[in-house]
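See below for the structure under consideration.
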Amino acid sequence: MINGVVVKRLEKYCDDRGTFMEIVRDDEELLEHFGQASASMSYPGVIKAFHYHERQDDLWYFSSGNAQVVLYDLRTHSPTEGETNVFYLGEENPCTVLIPKGVAHGYRVLGNKPATILYFTTRSYNRTCPDEHRIPWDDARIGFDWSTQFR
């Protein structure tokens, strides 16, 4: 596991009225500070990768659909520098993933329906000076194969 990444499996409570899940709580201390909550929907097969932040952490949760999430540790003094983690998140595996500053992240929507990601950041988005650093989805340094592996 990349140093500082935290995966939390969500517990779903079901009864005859429906379901309930807690996504993030202030007493978990996952976020050092609450900055913003946002939502984004992507269509099947879309790859949104890669980017990283220098000043903020992200906490990701896919509320609908399913996604392959890829993390790559760019931090030069990290004990896990250059490591890649892959997670499968969404309806079939409800979890949150905390992504620390300096860890590149991206995802690919799996299946035949759109995926919606809710993400919580430790800083609000600043349009005049965004903390968004882009890396191509097919970057040679990361070297991730986004194709489905038929096993």
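The values are calculated or read from the model by the stated rules, or taken from the named source; none is laboratory data. Quick caveat: nothing in here was measured; it's all calculated off a predicted structure. FYI the Cβ positions are ideal-geometry reconstructions off the backbone, even for glycines, and counts take in every protein chain you see. We work out accessible area using only protein heavy atoms, side chains counted, and drop any ligands, DNA or RNA first. Shrake-Rupley method; radii C 1.70, N 1.55, O 1.52, S 1.80 Å.
Brief remarks on what is shown
- Measuring between their Cα centroids, region 47-94 and region 2-35 lie 16 Å from each other.
- In the chain, lysine pairs with alpha-carbon atoms under 23 angstrom apart (chain gap of 8 or more, or interchain): 5
- Near the amide H of D131, within less than 5 Å, lie the amide hydrogens of N126, all on another chain or at least 5 residues away, with H placed in the peptide plane.
- E92-F150 FRET efficiency (beta carbon distance; Förster radius 25 Å; 0.05 resolution): 0.85
- Cα convex hull, region 13-79: 166 Å³ per residue, rounded to a whole number.
- Charge dipole (Cα centre; +1 on Lys/Arg Cβ, -1 on Asp/Glu Cβ; no other charges) of the chain amounts to roughly 460 debye.
- For N3, distant residues with modelled amide H under 5 Å away: T80
- Taking every Cα-Cα distance in the chain and sorting them into 10 Å bins starting at zero, the pair-distance distribution P(r) comes out as 11, 40, 37, 11, 2, 0 percent.
- FRET E, pair R134, V6, Förster distance 25 Å, beta-carbon r, rounded to 0.05: 0.55
- Solvent-accessible ranking of M21, M1, M41, largest area first, probe 1.4 Å: M1, M41, M21
- Local electrostatic count at E91 - Lys and Arg +1, Asp and Glu -1, tallied over other residues with Cβ under 12 Å: +1
- Which of Y107, Y125 is most accessible, then next, and so on - probe 1.4 Å: Y125, Y107
- Per residue, in Å², the accessible surface of region 58-151 once ligands and nucleic acids are set aside, probe 1.4 Å: 51 Å²
- Accessible carbon and sulfur surface of region 7-151 relative to its total accessible area, %, 1.4 Å: 49 percent
- Comparing mean-square fluctuations of D139, D27, D58 from a GNM of the chain with C-alpha springs under 10 Å, the top value falls on D27.
- Shown here for region 1-110: trypsin sites (Lys or Arg not before Pro) in loop regions (DSSP other than H, G, I, E, B) with at most 14 other Cβ atoms within 10 Å, namely R17, R25, R55.
- Separation of the S63 and C14 label points, Cα + 7 Å toward Cβ, nm: 2.1 nm
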